[in-house]
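Working notes for the structure below.
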Amino acid sequence: MTEAQIRTLLYNYPQKGQKVLFDEYYTYVYAIAYRIINGIGTREDVEECVIDVFLEVIQRYDTVREGSLKSYIGTVAKNKAINVCRYVSAKSRRTDSFDDMPQELASSQDVENDIEQTELTDRLLSCISALGEPDATIILQKFFYDRNSTEIARLVGKPPAWVRNRCARALKRLRKDLADLH
């Protein structure tokens, strides 16, 4: 079913349109949420994120008149998944206690590497998010989803040269922001 047909269904027959929207984009949204949340949250966190994405898209679908519905859904999914990661990370830091920790650790080096990797990922996602839109979307699409300038240009509704220029500027800012964190 095309995006135009889905939009028409959502407008004329909201319940049927919502079901079609969910059926059409569930796998896409789940893949995005899983890719971002995996390793930080649980499967239930991913499923809850997917539901939250569809809730927001359905509540705001009438405000999305221009651009691709799929790219809008993908952006909402990415942002919701990043927020879930932040929430789960913050929650685990607050609730962890030494009583819940195993008495023996297999290797302190592995634990240190895992902690360092998690902190680095949090900092990177935070810096990318701080770039704002459309820069954050461009960086995520290029480096996390391995899309080229032409594909990203279609998603954001701009020419490929514009996307390349914004990407270069965003990478320069991102490098500076990450360097400032050290």
Could you give the dipole magnitude of the stretch 1-94 about its Cα centre, charging the beta-carbon of Lys and Arg +1 and that of Asp and Glu -1, in debye to the nearest 20?
340 debye
Through the Karplus equation 6.51 cos²θ - 1.76 cosθ + 1.60, θ set to phi - 60°, convert the phi angles of the stretch 18-27 into ³J(HN,Hα) values in whole Hz; use x for Gly and Pro.
5, 5, 5, 4, 4, 4, 6, 10, 4, 4
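Rounded to whole Å and sorted largest first, what semi-axes of the equivalent ellipsoid does the C-alpha gyration tensor of the stretch 1-94 yield via the square root of 5 times each eigenvalue? List each step's numbers first, then the result.
Values: eigenvalues 148, 27, 23 Å².
Calculated on Cα positions only, the semi-axes equal 27, 12, 11 Å.
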Within the set Lys19/Lys70; Lys70/Lys176; Lys19/Lys158; Lys16/Lys78; Lys78/Lys142, which residue pairs have Cα atoms separated by over 22 Å?
Lys70/Lys176; Lys19/Lys158; Lys16/Lys78
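Every number here is computed from the coordinates shown, using simple stated rules; none is lab data. Note that this is a predicted model, so its numbers are computed, not measured. Please note: Cβ atoms are built from the backbone with ideal geometry, for glycine as well, and neighbour counts cover all protein chains shown.
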